[in-house]
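K.L.:
Take a look at the following structure, please.
The values are calculated or read from the model by the stated rules, or taken from the named source; none is laboratory data. Model, not experiment: these values are computed from the prediction. Backbone-built Cβ (ideal geometry, glycine too); neighbour counts: all protein chains shown.
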Amino acid sequence: MGKLVYGGTTEIGFEDRILAHLQIVVGLKLRRKEGFFFSWRDEQSVGDGRSAIWIDPAIPLLFRYSGGRPPKINKAWLEALTLSSNSAQGLQLTEEIGALGADEVNADAPPGR
């Protein structure tokens, strides 16, 4: 399980595949210097509720992966997460959607492949 390290002190665990998709969506927003909320459903071990953080270009983020290989990116899920990030509620982490396989691209492949 990878970690999103927020502000240098708060560590939030996510599977590497989720983390890779989040890195792309969050990176797109931060490149435009846009702040936004990011929320997700907590695991049962921490209360089974929901958590949210404010993501801002001034707050340091670290995406720490547990595996050495970049996961494949699901374009349909990436688009859904991106749309969510542009809503008034902010980025809502949802279950992965879309057909696997044809819509996946290697995260470290050059654009257009």
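K.L.:
If you check Gly98 against the conditions, is it at positive phi, at pLDDT 95 or above, surrounded by 13 or more Cβ atoms within 10 Å (Cβ to Cβ) and out of contact with any Gly (no Cβ under 8 Å at 6 or more places or on another chain)?
P.N.:
Details: at positive phi: yes; at pLDDT 95 or above: no; surrounded by 13 or more Cβ atoms within 10 Å (Cβ to Cβ): yes; out of contact with any Gly (no Cβ under 8 Å at 6 or more places or on another chain): yes.
Judged against the criteria, Gly98 is not a match.
K.L.:
Cβ-Cβ below 9 Å, separation at least six or inter-chain, first residue in the stretch 4-19 and closer than 14 Å to Ser39 by Cβ, second at pLDDT 95 or above and among the polar types (S, T, N, Q): which pairs?
P.N.:
Every condition considered, the pairs that remain are Leu4/Gln23.
K.L.:
Going through the stretch 34-54 one residue at a time, which ones are part of a strand (DSSP E or B) and free of Cβ contacts under 8 Å to residues at least 40 places away in the same chain? Walk me through how you get there before you give the answer.
P.N.:
Quick first cut of the stretch 34-54, residues part of a strand (DSSP E or B) only: 36-41, 50-54.
Hits for the stretch 34-54 are Arg50, Ser51, Ala52, Trp54.
K.L.:
Which one is surrounded by the fewest Cβ atoms within 10 Å (Cβ to Cβ), of the residues in the stretch 6-30 that are over 20 Å from Arg41 (Cβ atoms) and hydrophobic (A, V, I, L, M, F, W, C)? Break it down into steps so the answer makes sense when it comes.
P.N.:
Our first condition is that a residue be over 20 Å from Arg41 (Cβ atoms); within the stretch 6-30, this holds for 7-9, 24, 27-30.
Keeping just the survivors that are hydrophobic (A, V, I, L, M, F, W, C) gives 24, 28, 30.
On the way: Ile24: 13, Leu28: 15, Leu30: 17.
Here the answer is Ile24.
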